[in-house]
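Let me begin by presenting the structure, written as structure tokens, before commenting on it.
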């Protein structure tokens, strides 16, 4: 029998998280700081709208781009929150989570050999999606001393004549880093000068704790070269509904829609009806959850400092990214020992790229009681490591 | 700061002061002083425990009584309410808009005791025109907390 598998797919490494997941799943009584999704349930009025749409028998396909009413609400939302205008009929596409939008944007824009600039540490799907689209990934290693922001110089240094796309994932998973307006203006200048396009993954935009989130699409000259990606998972605690969207210039969205049309048909209809309710009446829920995350953020950072773990202040998402370099263990060793000795699951920084070595991703999408218990164990573990070092 | 303290303490009055200070990005002394001030100003009026009595062997009967009154000169709603809320069996008294004037919530050991309170104490009051007593059969949610069933963290332990 012939080998049925694609070389391209075989070349893709399984997610670094996967390996850790297997160890964790064998430990029945472990607690966790390793989850990349909200601990809140979707607000009831949103869930109720989903249920209602089922009761009404809205169980059929929507148009490929998604319900027009939802696209209109998204346009309103982007207008009021990040001050960018889109045409709901031609410039917005509803996708199965932000992840699908990332995949579509890369596939619609890449020719073989085109280089994609990917700042690391970053979410796990940019690299494989880039490979599957025949792009060549070029990593930009972000630095803790810059609070894991992308600087214009770092961008400039990574650009070659083949560079085409910059992936811009802020607020960032796993670091919690954010880009301020000034930071974005600095790189926008380089992007325009070098004629790059941007895939701006803003899925954590509502979880920003230092001023308002700024979208690079709102800067002069950037709307026409940006695919803005966002979704409902983080802001409205709707991860399981699998709903996101892309907004951008019509001629790019048309090609993305073509792939989406054949691969997916349309995003889940129930989720789309629920999302309309989220955008219409969900602002208070978003604010309530953001306040709760912010309190936990303060709590976690203070506790990390109390136990002597160095961590820059993250102003976005729901992650802290403390440095464990001083213990002389790799991130993987630290996380594995911590899991075995204290039964707390935590994700090593290296799961998000090689430059995550020396760091841990610590999620604070947990109740204060859970955080208190897990951080107490971390403190005990850190003290033990310090004693071993003496 | 006060609003933040209250929103946390409304859900968990037993929270550790140190933890609360960390959550709000301040120090324990500041938080303790704010709480003390709010106690003095009767913004914080007490620290109670939310108990689901259904899960104990204690028998309790809770009744919600709609009361219509005719306020008289020198005896407005506030005075009338006071005469009602001073009874120790009365848990809560609210002045209402609409078809009746007061909601009175009382807690007793038996239905007979509730009946006795209504017929002996409440109904005979001069200003009270009528009462309608409703017994609580089951509490599903109280003070923002769902009392039935439990919710587990359904998330996987590790996700990207």
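So, in Å, what gap is there between the alpha-carbon centers of the stretch A:282-298 and the stretch A:57-134?
If you average the Cα positions of each part, the centres end up 25 Å apart.
Could you work out the mean count of beta carbons from other protein chains within 10 Å of each residue's beta carbon in A:28-38?
Other-chain Cβ atoms within 10 Å of each residue's Cβ, averaged: 3.
Sequence gap at least 6, Cα distance under 8 Å: using those rules, report the relative contact order of chain B to the nearest whole percent.
Once normalised by length, the contact order is 21 percent.
In terms of the Cα gyration tensor, with a ≥ b ≥ c the square roots of its eigenvalues, is the stretch A:1-115 rounded because a/c is under 1.5, prolate because a/b exceeds b/c, or oblate?
oblate
So how far apart, in nm, are the two label points at residue A:7 and residue B:105 if each is 7 Å from Cα heading toward Cβ?
7.3 nm
Of the residues A:192, A:165, A:203, which exhibits the maximal mean-square fluctuation in a Gaussian network model of chain A defined by a 10 Å Cα contact cut-off?
Of A:192, A:165, A:203, the Gaussian network model singles out A:192 as fluctuating most.
Comparing A:114, A:103, A:354, which has the greatest mean-square fluctuation in the GNM of chain A with Cα pairs linked when under 10 Å apart?
Top of the fluctuation ranking is A:354.
Using only helices, what value at 222 nm comes out for chain A when you add -39,500 (n - 2.57) per DSSP H run of length 4 or more and divide by the total residues, to the nearest 500 deg cm²/dmol?
Per the formula, -13500 deg cm²/dmol.
Quick check on the protein assembly as shown: of the DSSP beta bridges with both residues there, what percent are antiparallel, nearest 5%?
Roughly 65 percent of the DSSP beta bridges within the protein assembly as shown come out antiparallel.
For chain A, what's the relative contact order in percent, using C-alpha pairs closer than 8 Å and at least 6 residues apart?
Relative contact order for chain A comes out at 24 percent.
Name the most mobile residue of A:161, A:249, A:119, meaning the one with the largest mean-square fluctuation, in a Gaussian network model of chain A with Cα contacts below 10 Å.
A:161
Any idea what Rg and Dmax come out to for the stretch B:38-160 if you just take the C-alpha atoms, in Å?
In Å, with Rg to one decimal and Dmax whole: 19.0, 70.
For residue A:23 and residue A:193, FRET efficiency with R0 = 41 Å and r from the beta-carbon atoms, rounded to 0.05?
The formula returns an efficiency of 0.30 here.
Mind putting together the pair-distance distribution for the stretch A:59-281? All Cα pairs, 10 Å bins, whole percent per bin, short to long.
It works out to 8, 37, 38, 15, 2, 0, in whole percents.
By how many degrees, between 0 and 90 and to the nearest 10, does the Cα long axis of helix A:181-193 differ from the longest principal axis of chain A?
Its long axis makes an angle of about 60 degrees.
Using 0.36 nm times the number of residues separating residue B:12 and residue B:79, minus their current alpha carbon distance, what extension gain do you get?
20.7 nm
So how do A:89, A:81, B:83 line up by other beta-carbon neighbours within 10 Å, fewest first?
A:89, B:83, A:81
Helix A:97-109 against the longest principal axis of chain A: what's the angle in degrees, Cα atoms only, rounded to the nearest 10?
Helix A:97-109 and the main axis of chain A meet at about 60 degrees.
Just want to confirm a number: the relative contact order over the stretch B:53-137, from Cα pairs under 8 angstrom separated by 6+ residues, in percent.
Value for the stretch B:53-137: 43 percent.
Taking Cα atoms, how many degrees apart are the long axis of helix A:269-281 and the longest axis of chain A, rounded to 10 and kept between 0 and 90?
The two axes meet at around 80 degrees.
Take every residue in peptide A:291-303, count the Cβ atoms of other chains within 10 Å of its Cβ, and give the average of those counts.
4
Cα-based Rg (one decimal) and Dmax (whole number) for the protein assembly as shown, in Å?
Over the protein assembly as shown's Cα set, Rg and Dmax evaluate to 28.5, 101 Å.
Which length gain, in nm to one decimal place, applies between residue A:281 and residue A:134 when the Cα-Cα distance is subtracted from 0.36 nm times their residue separation?
So the chain would gain 48.8 nm between residue A:281 and residue A:134.
How would the stretch A:303-390 be classified by its alpha-carbon gyration tensor: rounded, prolate or oblate, with rounded meaning a/c under 1.5 and the a/b versus b/c comparison settling the rest?
rounded
Just so you know, all these numbers are worked out from the coordinates, no wet-lab data involved. If you're wondering where the values come from, they're calculated on a predicted model, not measured in any experiment. Note: ideal-geometry Cβ built from the backbone for every residue, glycine included; neighbour counts use all protein chains shown.
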